[in-house]
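Working notes, structure below.
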Amino acid sequence: MSRSGVARTPQIMGDYPNVEYVKGNCLEPESFKDVLQDVDGCIHTVGTLVENKKKPQASYAAMNRDTCVNMAQKLNEYASAESKRNFVMVSSAKAPPFLPAYLSTKVEAENYILEECKNLKPVIIRPGFIWNKEHRGWSIPLRYGC
C-alpha cells in the first residue's frame, strides 16, 4: 500500500508478480480496511526521522506509532487464533541522541503489536540508523551520531 498506489521507484522494485500496489493511508484505517481482509501478512515500513510539528499527521506519534498500530490492529481483526497473519515492522535500534521521540514512538508501536495483537505472528526488525546519499543526502552527517 502506498499513497499513490504504485511503486515509488518501479525500476528498482522490478517485476514481482505476487505484489500488488494499493492506494491507501495508514492514518486512515477506512482507506485500507478491505485490502487486508485476504492477505497473508503485512510489512510496515512507514516512519519519519524528521518531525513536522506544524502538521500533526507528520509527527513522530502519527508516522512512527499510529501508522503501525492502525495496520496491525486491522490485520489482527481479520486474523484469528487458528489462522494467524504475519506482521513485519521495520523499527529502529538507534536514533540520533537529540531525537529521543523518534525511538520512543517506534517502541510504543512494537509494544502494541507484541501485547495487543494476539492473532499476529510479529517480526520486528531493528536496524541501526538508515541513511541514503542519493535520496536523503542531509542524513549522512546524522549517521555519525548514532
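The values are calculated or read from the model by the stated rules, or taken from the named source; none is laboratory data. Given the structure is predicted, the values throughout are model-derived calculations rather than measurements. Quick reminder, even Gly has a Cβ in these numbers, built from the backbone with ideal geometry, and neighbours come from all protein chains shown. When the accessible area is computed, the model is the full protein with side chains, heavy atoms only, and any ligands, DNA or RNA have been set aside. Shrake-Rupley method; radii C 1.70, N 1.55, O 1.52, S 1.80 Å.
Among the residues of region 43-59, write down those that are in contact with a Phe, Trp or Tyr (Cβ under 9 Å, 6 or more places away or on another chain), more than 14 Å from Ser104 (Cβ to Cβ) and of a type in the set (A, V, I, L, M).
Ile43, Val50
Give me the pairs: first residue in region 90-106 and without any contact (Cβ under 8 Å) to a residue 24 or more places away in the chain, second residue not aromatic (Phe, Trp, Tyr), beta-carbon distance under 7 Å, and six or more apart or on different chains, which are they?
Filtered contacts from region 90-106: Leu103/Ser92; Leu103/Ala95.
Only one of Gly41, Gly47 is within 22 Å of Pro100 (Cβ to Cβ) and either loosely packed, with under 15 Cβ neighbours inside 10 Å or touching a residue at least 40 places away in the same chain (Cβ under 8 Å) (or both); which?
Gly47
Please go through region 88-109 and give me each residue that is in contact with a helix residue (DSSP H, G or I) (Cβ under 7 Å, 6 or more places away or on another chain) and buried (at least 16 other Cβ atoms within 10 Å of the Cβ), ordered by number.
Correct list: Met89, Ser91, Ser92, Ala95, Pro96, Tyr102, Thr105, Lys106, Glu108, Ala109.
So Ile113 clears everything in (1) open to solvent by 40 Å² or more (accessible area, probe 1.4 Å); (2) within 26 Å of Tyr21 (Cα to Cα) except one condition, right? Which one?
(1)
Give the residues of region 55-87 that are surrounded by 15 or more Cβ atoms within 10 Å (Cβ to Cβ) and not in a helix (DSSP H, G or I), sorted by residue number.
Matches in region 55-87: Ser59, Ala79, Lys84, Arg85, Asn86, Phe87.
When only residues in region 26-54 that are assigned to a helix (DSSP H, G or I) and closer than 23 Å to Lys118 by Cα count, which is nearest to the chain's Cα centre (by Cα)?
Pro29
Is region 94-114 home to any residue that is modelled with pLDDT under 95 and among the charged types (D, E, K, R)?
Checking region 94-114: at least one residue is modelled with pLDDT under 95 and among the charged types (D, E, K, R).
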